[in-house]
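A short write-up of the structure that comes next.
The values are calculated or read from the model by the stated rules, or taken from the named source; none is laboratory data. If you're wondering where the values come from, they're calculated on a predicted model, not measured in any experiment. Glycine also receives a Cβ, built like all others from the backbone with ideal geometry; neighbour counts cover every protein chain displayed. The accessibility values were calculated without ligands, DNA or RNA, using every heavy atom of the protein model including side chains. Shrake-Rupley method; radii C 1.70, N 1.55, O 1.52, S 1.80 Å.
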Amino acid sequence: MTAVTARLVEGVSLIPADQWDACAGDANPFVGHAFLKALEDSGSVGDRSGWRPLPVVVDGPDGRPAGIAPAYLKSHSQGEYVFDHGWADAWARAGGSYYPKLQVAAPFSPVPGPRLLLRDPAAGPALIAALEAVADQHELSSVHATFVAPAQVATFEAAGWLIRQGTQYHWQNDRYAAFEDFLAALASRKRKAIRKERAAAVEGLTIRHLTGAEITPRYWDAFWRFYQDTGNRKWGRPYLTRAFFPLLGEAMGDGVLLIVAERDGVPIAGALNLIGADALYGRYWGCTQEVPFLHFELCYYQAIDAAIARGLATVEAGAQGEHKLARGYLPTPTWSAHYLPDPGFRRAVAEFLARERRAVAQDQDYLGQLTPFRRADR
């Protein structure tokens, strides 16, 4: 590109959907205009929630966005799933103000994906420079790009950002035609355990896979109750508002998959998924009746069924959870990138990340030996 300008925009909604999606593409729904606009329109992000939308845009010579960073001005570190509370405490003890900070992310969504949305691949370095300029000009402590797609990590690293590694558990579709084909790849003891879990989980229940118009207000009402229950137990206060879910369903249609368990026609549990170009993304789960193994059934096994039926390569079932390992979800590296303008602060965080990276690598090596898949020496 020969000439670029960078600008801050007060919200995703102020950028036309076609211009945003020309940069974001259609592979990952969490950076698409529909998902991010639903967060804004529902009040799930904004000043009230401490996630102020502030996308950073680099324009091309044609005056249209060549690259966009889905950025948010944050007044806390909640809803990010890459934990920097220790960094905030250290900076505060040194006399600094860690907040506000700039977060480049899909809010509340620990889903790897592009954080530099590029219509023109050459705009990547300019977009990173624009993010740094925002931090420098507004005297922010830091900029954090979390759950960066692996293909973009090198771009951030080349710009001098610190790289942090984490672990998630993803299921990989080895061209299975049915769930039984997946089970056949597991050790005998694991196969038997999963069959037993599935039978116990669905006894007396009806499982439904709903998309688009099939997700009627009745089901959104039920899912809101499920989400409230899980949110109150895990986070103290749910991140998303009641209005978000029907707005998401309206905006994304068949890109939303709601898996529901019913007893005598009454929904008692549900798992919400988004469908990407080659992955199924499990996001939220909840229930109003406790049923043994039902969480595993709806979130993991039914998700595998759905991915196989759709020919999707991967199921990403969210952050953390070593219990996923026994159910065929394998340890997978995740990445984040961090810009810290203060040299002393940067040096301290870099030393911490070097130690953490060694521990994460050791943990991943260990977990890799615990997979349920058949091995020649078993």
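Annotations
- Residue satisfying condition, being more than 16 Å from the chain's Cα centre (by Cα) and open to solvent by less than 20 Å² (accessible area, probe 1.4 Å), within set V56, V31, V45: V56
- Output for segment 322-345, where each listed residue is open to solvent by 40 Å² or more (accessible area, probe 1.4 Å) and charged (D, E, K, R): E322, D342
- Considering residues of segment 346-378 that are surrounded by 13 or more Cβ atoms within 10 Å (Cβ to Cβ) and farther than 30 Å from D89 by Cα only, the residue farthest from the chain's Cα centre (by Cα): R374
- Scan of segment 98-119 for residues that are open to solvent by 10 Å² or more (accessible area, probe 1.4 Å), farther than 20 Å from R164 by Cα and either at pLDDT below 95 or under 21 Å from the mean Cα position of the chain (by Cα) (or both), ordered by number: L118
- Hits in segment 251-264 (condition: in contact (Cβ under 8 Å) with a residue 12 or more places away in the chain and either among the small types (G, A, S) or more than 14 Å from A317 (Cβ to Cβ) (or both)): A251, M252, G253, D254, G255, V256, L258, V260, A261, E262, R263
- Qualifying positions in segment 194-219 - open to solvent by 50 Å² or more (accessible area, probe 1.4 Å) and part of a helix (DSSP H, G or I): R195, K196, A199, A213, E214, P217, R218
- Of all residues making up segment 298-321, the number that are surrounded by 23 or more Cβ atoms within 10 Å (Cβ to Cβ) and over 18 Å from A184 (Cα atoms): 5
- Scoring G318 on the criteria (1) closer than 27 Å to A178 by Cβ; (2) at pLDDT 95 or above; (3) not basic (K, R) leaves a single failure, condition (2).
- Residues being open to solvent by 30 Å² or more (accessible area, probe 1.4 Å), touching a strand residue (DSSP E or B) at 6+ places or on another chain (Cβ under 7 Å) and either at pLDDT below 95 or in a loop (DSSP other than H, G, I, E, B) (or both) - total across segment 134-166: 0
- Qualifying residue in segment 265-279 (condition: in contact with a Gly (Cβ under 9 Å, 6 or more places away or on another chain), at positive phi and open to solvent by less than 50 Å² (accessible area, probe 1.4 Å)): no
- Test: residue in segment 62-80 that is open to solvent by less than 10 Å² (accessible area, probe 1.4 Å), farther than 21 Å from W335 by Cα and either in contact (Cβ under 8 Å) with a residue 40 or more places away in the chain or not in a strand (DSSP E or B) (or both): yes
- Those residues of segment 310-345 which are assigned to a strand (DSSP E or B) and closer than 30 Å to W91 by Cα, in sequence order: G318, A319, P333, T334, W335, S336, A337, H338, Y339
- Of all residues making up segment 220-240, the number that are open to solvent by 50 Å² or more (accessible area, probe 1.4 Å) and touching a residue at least 60 places away in the same chain (Cβ under 8 Å): 2
- Across segment 130-139, the number of residues qualifying as within 23 Å of W87 (Cα to Cα) and touching a residue at least 60 places away in the same chain (Cβ under 8 Å) comes to 6.
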